[in-house]
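Engineer: So that we are looking at the same thing, I have put the structure below in structure tokens.
The values are calculated or read from the model by the stated rules, or taken from the named source; none is laboratory data. If you're wondering where the values come from, they're calculated on a predicted model, not measured in any experiment. Here the Cβ positions follow ideal geometry from the backbone for every residue, glycine too, while neighbour counts run over all protein chains shown. Ligands, DNA and RNA are stripped out before the accessible areas are found, and what is left, the full protein with its side chains, is counted by its heavy atoms. Shrake-Rupley method; radii C 1.70, N 1.55, O 1.52, S 1.80 Å.
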Amino acid sequence: MKIKAITRLKSASERWAAIVAVCIAWEAVSRSGMVKAFILPPFTRVVYKLFQLLVTGQMWPDIGASMQRSASGFAISVLVAIPLGFLTAWSPRVRRVLDPVMQFMRNTPTLALYPVFILVFGLGELSKVAIIFWGGVWPVLMNTVEGVNRTDPLLIKSGRSMGASPLTLFFRIILPSALPFIFTGIRLSASRSIIILVAAEMLGADKGLGFLIFSSEQNYKVEQMYAGIIVLILLGVLVNFLLVRWEKRITRWKQEISGS
């Protein structure tokens, strides 16, 4: 246990050391005049501006709007993709019909379709949530299909030979086997949701972190622009951390089997 704790502490310190080094380099480059402060303000000034925006409450409506849009599109994509992925992988007929369409759709650049979504849904919230859903659904869907297809056929045959019902096969064999793939898709979908959100908010939005960053750049509020970018980075890191923790908790049984 002590060795594991020391290893984790060393790994964490190395990661934090790299982040601190980047921040120090940012500050040094800006202060030295190698890059104009107008283009790259000192890191300390950006952090101060971020603190100011949070304390005064100016940024919270933008954070709330972005999180609501991103969470809505992401949640709908997960709720649609997982059942559809299981159905596609489990039924050869459904796979034959849907696979060509899925391969075509998932390789279409998401943001290239945003004008179509605006044309159909307008410039309101619906088009933003819809484009986030569209971009987030494919990683979960394709990884769910892959996870089901990777299930050991011998386990399924053994379950059937022992008289297991389709529901028992699903919950005891197929779902546990596919879970690591599904969580990989969920994490990819979450990161894509944030990226697509920023682009969507730069057009036809009056609040949100993407709108804040874009409007700050247009109005030469460079420190505020970088503050918005840092918040997006922190939100992405936080979401990924929570999803990884959730995955470890749900698939703890698999880690225990691997460790035994």
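Engineer: Quickly rank 220-233, 79-92, 98-111 as a protection proxy: mean count of other C-beta atoms within 10 Å, highest first.
Structural biologist: Ranking, from highest mean packing down: 220-233, 79-92, 98-111.
Engineer: Still on this structure, I have one more. Test of understanding: express the Cα radius of gyration of the range 84-166 as a ratio to 2.2 N^0.38 Å, with N the residue count.
Structural biologist: Against the empirical 2.2 N^0.38 Å value, I get 1.48 for the range 84-166.
Engineer: Considering the Cα positions of the range 113-260, please state its Rg to one decimal place and its Dmax as a whole number of Å.
Structural biologist: Gyration radius and largest Cα-Cα distance of the range 113-260: 20.7, 69 Å.
Engineer: Considering lysine pairs in the chain that are 8 or more places apart or on different chains, how many have Cα atoms under 20 Å apart?
Structural biologist: 9
Engineer: Here is a further query. Send over a whole-number figure in Å² for the accessible area per residue of the range 22-145, probe 1.4 Å.
Structural biologist: Solvent-accessible surface per residue comes out at 55 Å².
Engineer: Work out the FRET efficiency for Val237 and Ala71 from their Cβ-Cβ distance, taking R0 = 22 Å, and round it to the nearest 0.05.
Structural biologist: For Val237 and Ala71, the calculated efficiency is 0.85.
Engineer: What is the sum of charges around Ser216, taking Lys and Arg as +1, Asp and Glu as -1, for the other residues whose C-beta is under 12 Å from the C-beta of Ser216?
Structural biologist: Charge balance near Ser216 sits at -1.
Engineer: Want the number for Phe38 to Trp16: 0.36 nm per residue separation, take away the alpha-carbon distance, what's left?
Structural biologist: Additional length available on full extension: 5.2 nm.
Engineer: How long are the semi-axes of the equivalent ellipsoid of the range 40-92, taking √(5λ) for every eigenvalue λ of the Cα gyration tensor, in whole Å from largest down?
Structural biologist: Computed over the range 40-92, the values are 42, 14, 6 Å.
Engineer: Taking the inverse of the average 1/r across all pairs of different Cα atoms in the chain, what Kirkwood radius in Å do you get?
Structural biologist: 21.3 Å
Engineer: Beyond 21 Å, what share of the Cα-Cα pairs of the range 1-132 is found? Please give it as a whole percent.
Structural biologist: Cα-Cα pairs in the range 1-132 separated by more than 21 Å: 70 percent.
Engineer: A further question on this structure: Dipole of the chain, Cα-centred, from +1 at each Lys and Arg C-beta and -1 at each Asp and Glu C-beta, to the nearest 20 debye?
Structural biologist: It comes to approximately 960 debye.
Engineer: Relative contact order of the range 77-155, please, whole-number percent, based on alpha carbon pairs below 8 angstrom and at least 6 residues apart.
Structural biologist: Worked out over the range 77-155, it gives 53 percent.
Engineer: Go ahead and set up a Gaussian network model of the chain, Cα springs under 10 Å, then flag whichever of Ser13, Ser158, Ser32 fluctuates most.
Structural biologist: The residue that fluctuates most here is Ser13.
Engineer: What are the semi-axes of the equivalent ellipsoid of the range 132-194, taken as the square roots of 5 times the eigenvalues of the Cα gyration tensor, listed largest first and rounded to whole Å?
Structural biologist: In descending order, the three semi-axes are 29, 9, 8 Å.
Engineer: Another question about this same structure. Using Cα-Cα distances under 8 Å and only pairs 6 or more residues apart, what relative contact order does the chain have, in percent?
Structural biologist: 22 percent
Engineer: Additional query: Exactly which trypsin sites (Lys or Arg not before Pro) in the range 36-68 are in a DSSP loop and have at most 14 other Cβ atoms within 10 Å?
Structural biologist: Sparse-neighbourhood loop trypsin sites (Lys or Arg not before Pro): Lys36.
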